Amino acid sequence: MQQVGGIEQVSVIPQEPPEEQQLFADTSPGRTVKDAESIERSAPLISSVTPVSTLGGCAIHRGPITIRGSVDGCWPSYVEINKHNVAVGRNLCDLDLEEAKRVCVIGKVIVDRLWPEFPNYNPIGETILLNNRPFTVVGVFEFYEREQDKRRRQLAQEKANAKATPTPTPAKKRSGRSSRSTPLGNIPFLAKNSTIIIPISTMMFEFKSASVVGGVDQGPNLKLDALTFQVADINRFQEALAQVRRILTETHRTVEDFAFSTREEMFDAIEQNIHETRMSGGLIAGISLLVGGIGIMNIMLASITERIREIGVRRAVGAKARDIFVQIVVESAVIGFIGGLLGLIASAAMMKLLIYISPGKNAPVVELDNVLISFGFAVVIGVLSGLYPAWKASRLDPIEALRYG
Amino acid sequence: MPLIELIDVVKRYKIGEQEILALDGIDLTIDQGEYAAIIGPSGSGKSTLMHLLGCLDTPTSGTMLIDGIDVSRASGNKLSEMRNQKIGFVFQSFNLLPKLTVLQNVELPMIYAGVSARERRERAMVAIERVELQNRVKNTPLQLSGGQMQRVAIARALVNNPRIIFADEPTGNLDSRTGANILQLFRELSTGGCTIVLVTHDAKIAAQTPRRIEIRDGKIVDSESMDPLLSGQAQLTPTK
Ligand SMILES: Nc1ncnc2c1ncn2[C@@H]1O[C@H](COP(=O)(O)OP(=O)(O)O)[C@@H](O)[C@H]1O
Ligand SMILES: [Mg+2]
């Protein structure tokens, strides 16, 4: 969750201007670097902002290796806004921007794919080609992974280390294997681990100064592919949005060709999701209880037919109908009790497993209330499903019960 | 005062449209301390009569007093109480609970009498000693012979000190020697003051009891009570 960016992150997205503005819609330049500069200058409620101009399907060369990827031209604040961390080297800086330097910061997956022969290679100072233009690598992002993958990797490493220490000499090529194959980051982070950023000024000069459509040069393409900012104080979120809206209305010459995409919706969706998961969890629990109850009832009914004779004997020596009823209900409750106990043991084991495989902040929380409630439910279900069999048993005619079987 | 008194007791069974007159106007008294056999051919109504006497069922009509209590219209709970406190049963097929030990089987009636665990144990041990099974206390019925099982059943019937013991074909599932032992035990209990009513279709067994109540087609045809001293001759002189 932390690695995708928080609720304070907002994107300015293009939208079709309203009907009445169609006539002068062309007067708006769309999202440009100027927007970002204006926001940075005039919006105190915004802590940082970055324009992004993307070069998709870029050919990335290093020696004999060519891969394809997407390159973002941006400001240094891109790193903060998108929750990146520079692990080795440095971030882009204002000087890179001013002088439109050919420098880049690249993701760990890009490093691993460009230098596959060297695990954990440090490429700082190396030159790579982006669409045949040389760029110097000045920084590498940290490797992003899910908490559980991280934990698994660390455990594997510890084990490997522990094994390695008593026998240090046999340095076969194998030993490098575990650390070399950085797993292709799992789906949410593959894109993030493949990030390449360059100064947006460099992007504009090198790659966006001409845009050829159908063999005709349309002139420089200064429109941004993304414009993202971060609200300083989440409690003044709406206020901050209004501030940005005023500024952009100015720079877009009153054309409302932009909108805000907030993470709020995403968070709402997640919340909804969690809610639904809980609901369906409850539903599943309910159905399980129902099925379990029917199971107990069947067991009790079967055990009663098996024990008709016993019931007859008990009646003959003085058991009242009520005594038989109570006996069956108690037995059924005991089944529920034992079932509940087994369930608790099983869920304690499951919990251990879940804690082991899930990220730290997602670890399941066990509340005493829930434990008691579910245990109580098991007993109650036991009692309830014993009622009908107990009623049947208590109504058996003693003489016929004695004669049975 | 008679222990049991039946006046014009009728029992009808209805199976669909058909009505079966299982007992057809029974008049009978059994006194305290008697040892009697109900005898008659199969289907004559012996078991039905014993079920009524044993408070397992109520008559269709007529009056039935047990120990001075009118049970002919008694509720289920009242009948349970009577069975628990005043009556002991011995069945042809023993009817012990196979998963309980001998001791637990004998304790069973006292559980429903609300006797404390300690007293249950003590009284059960006394009853078990009376049938001479004290070294089988921890066994389960399946580990016992038929005769031993029937002894356990007798101990169970005795344990609540009932006013009367009913035994329905108690030797029916036993070989003749074991059966004779069981009958010997009944005789001893009778001598000790117990009231016992046997149900049997076997004239030889009935011949061993001081009194025979002969039943045919739901009617008592002979209810002689003979002086034990005159046994043998007295068989011919009904004393109704
Ligand atoms: N529960 C019952 N339902 C219908 N008929 C019964 C029932 N119990 C006994 N009878 C009938 O009553 C008659 C007497 O039966 P029973 O008392 O068992 O005779 P016995 O024990 O002398 O063999 C028989 O005709 C039997 O079929
Ligand atoms: Mg019978």
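Take the conditions within 14 Å of chain A (Cβ to nearest Cβ) and assigned to a loop (DSSP other than H, G, I, E, B) and apply them to B:Pro59. Does it pass? Before you say what the answer is, go through the steps one by one.
On the way: within 14 Å of chain A (Cβ to nearest Cβ): yes; assigned to a loop (DSSP other than H, G, I, E, B): yes.
Criteria met by B:Pro59.
Would you please name the residue that is surrounded by the most Cβ atoms within 10 Å (Cβ to Cβ), looking only at residues in segment B:24-44 that are farther than 18 Å from B:Arg211 by Cβ and within 8 Å of ligand 1 (Cβ to nearest atom)?
Our first condition is that a residue be farther than 18 Å from B:Arg211 by Cβ; within segment B:24-44, this holds for B:24-25, B:41-43.
Retained after the next criterion (residues that are within 8 Å of ligand 1 (Cβ to nearest atom)): B:41-43.
Working: B:Pro41: 12, B:Ser42: 7, B:Gly43: 14.
It comes out as B:Gly43.
State all residues of segment B:193-204 that are more than 19 Å from B:Gly33 (Cβ to Cβ) and more than 14 Å from ligand 2 (Cβ to nearest atom); if no residue qualifies, say none.
Passing the criteria: B:Ala203, B:Lys204.
State whether the residues of segment A:315-333 include one that is more than 14 Å from every other protein chain (Cβ to nearest Cβ), of a type in the set (Gly, Ala, Ser) and open to solvent by less than 50 Å² (accessible area, probe 1.4 Å).
Yes, because at least one residue in segment A:315-333 is more than 14 Å from every other protein chain (Cβ to nearest Cβ), of a type in the set (Gly, Ala, Ser) and open to solvent by less than 50 Å² (accessible area, probe 1.4 Å).
Looking only at segment A:84-95, decide whether some residue is in the same structural domain as A:Asn131 (by the TED database), closer than 21 Å to A:Lys223 by Cβ and open to solvent by 20 Å² or more (accessible area, probe 1.4 Å).
No - not one qualifying residue is present in segment A:84-95.
Is it the case that segment B:28-39 has a residue that's within 16 Å of ligand 2 (Cβ to nearest atom), more than 10 Å from every other protein chain (Cβ to nearest Cβ) and assigned to a loop (DSSP other than H, G, I, E, B)?
Checked against the condition, which is being within 16 Å of ligand 2 (Cβ to nearest atom), more than 10 Å from every other protein chain (Cβ to nearest Cβ) and assigned to a loop (DSSP other than H, G, I, E, B), segment B:28-39 yields no hits at all.
Looking at segment B:116-139, is at least one residue open to solvent by 80 Å² or more (accessible area, probe 1.4 Å), under 18 Å from B:Tyr35 (Cβ atoms) and within 14 Å of chain A (Cβ to nearest Cβ)?
No, segment B:116-139 has no match at all.
From the list B:Lys78, B:Lys99, which one is in a loop (DSSP other than H, G, I, E, B), within 10 Å of chain A (Cβ to nearest Cβ), away from ligand 1 (no atom under 16 Å from the Cβ) and among the charged types (D, E, K, R)?
Within the list B:Lys78, B:Lys99, the selection yields B:Lys99.
I need the full set of residues from segment B:116-170 which are small (Gly, Ala, Ser) and within 16 Å of ligand 1 (Cβ to nearest atom), in order please.
The answer is B:Ala167, and nothing else.
Residue under question is B:Ser72, and the condition is that it be open to solvent by less than 20 Å² (accessible area, probe 1.4 Å), within 16 Å of ligand 2 (Cβ to nearest atom) and in a loop (DSSP other than H, G, I, E, B); does it hold?
Considered against the rule, which asks whether it is open to solvent by less than 20 Å² (accessible area, probe 1.4 Å), within 16 Å of ligand 2 (Cβ to nearest atom) and in a loop (DSSP other than H, G, I, E, B), B:Ser72 comes out as no.
Quick one: how many residues across segment A:33-55 are part of a strand (DSSP E or B) and open to solvent by 50 Å² or more (accessible area, probe 1.4 Å)?
1
Could you please give the count of residues in segment A:97-129 that are at pLDDT below 95, closer than 15 Å to A:Pro199 by Cβ and open to solvent by less than 30 Å² (accessible area, probe 1.4 Å)?
1
Have a look at A:Leu241, A:Leu227, A:Leu248 and point out the one that is touching a strand residue (DSSP E or B) at 6+ places or on another chain (Cβ under 7 Å) and outside any helix (DSSP H, G or I).
Exactly one of A:Leu241, A:Leu227, A:Leu248 is touching a strand residue (DSSP E or B) at 6+ places or on another chain (Cβ under 7 Å) and outside any helix (DSSP H, G or I), namely A:Leu227.
Quick check: is even one residue across segment A:379-397 out of contact with any helix residue (DSSP H, G or I) (no Cβ under 8 Å at 6 or more places or on another chain) and within 13 Å of chain B (Cβ to nearest Cβ)?
yes
Whether any residue in segment B:201-211 is crowded, with 17+ Cβ neighbours inside 10 Å and within 16 Å of ligand 1 (Cβ to nearest atom) is what I want to check.
yes
Looking only at segment B:40-57, how many residues end up being farther than 15 Å from A:Ile399 by Cβ and either in contact (Cβ under 8 Å) with a residue 40 or more places away in the chain or away from ligand 2 (no atom under 13 Å from the Cβ) (or both)?
Within segment B:40-57, the subset farther than 15 Å from A:Ile399 by Cβ is B:40-44.
Pick out the ones that are also either in contact (Cβ under 8 Å) with a residue 40 or more places away in the chain or away from ligand 2 (no atom under 13 Å from the Cβ) (or both) and you get B:40-42, B:44.
Summing the residues that are farther than 15 Å from A:Ile399 by Cβ and either in contact (Cβ under 8 Å) with a residue 40 or more places away in the chain or away from ligand 2 (no atom under 13 Å from the Cβ) (or both) in segment B:40-57 gives 4.
Which of the helices (runs of 4 or more DSSP H) contained wholly in segment A:157-215 include at least 1 residues that are open to solvent by 90 Å² or more (accessible area, probe 1.4 Å) and modelled with pLDDT under 85? Lay out the reasoning, then the answer.
Numbers: elements: A:177-180, A:187-193, A:200-207.
Ranges flagged: A:177-180, A:187-193.
Please give the number of the condition B:Tyr13 fails out of (1) within 12 Å of ligand 1 (Cβ to nearest atom); (2) away from chain A (no Cβ under 14 Å); (3) open to solvent by 20 Å² or more (accessible area, probe 1.4 Å); (4) assigned to a strand (DSSP E or B).
For B:Tyr13, the failing item is (2).
Is it true that B:Asn105 is crowded, with 21+ Cβ neighbours inside 10 Å and within 14 Å of another protein chain (Cβ to nearest Cβ)?
It is true that B:Asn105 is crowded, with 21+ Cβ neighbours inside 10 Å and within 14 Å of another protein chain (Cβ to nearest Cβ).
List, please: which pairs have Cβ atoms under 6 Å, are six or more places apart or on different chains, and start with a residue in segment B:185-205 that is farther than 16 Å from B:Asn173 by Cα and end with one that is within 14 Å of ligand 2 (Cβ to nearest atom)?
B:Val197/B:Phe166
The values are calculated or read from the model by the stated rules, or taken from the named source; none is laboratory data. Every value quoted in this text rests on a predicted model; they were computed, and no experiment measured them. Note: ideal-geometry Cβ built from the backbone for every residue, glycine included; neighbour counts use all protein chains shown. Protein only, heavy atoms only, side chains kept; ligands, DNA and RNA dropped before computing areas. Shrake-Rupley method; radii C 1.70, N 1.55, O 1.52, S 1.80 Å.
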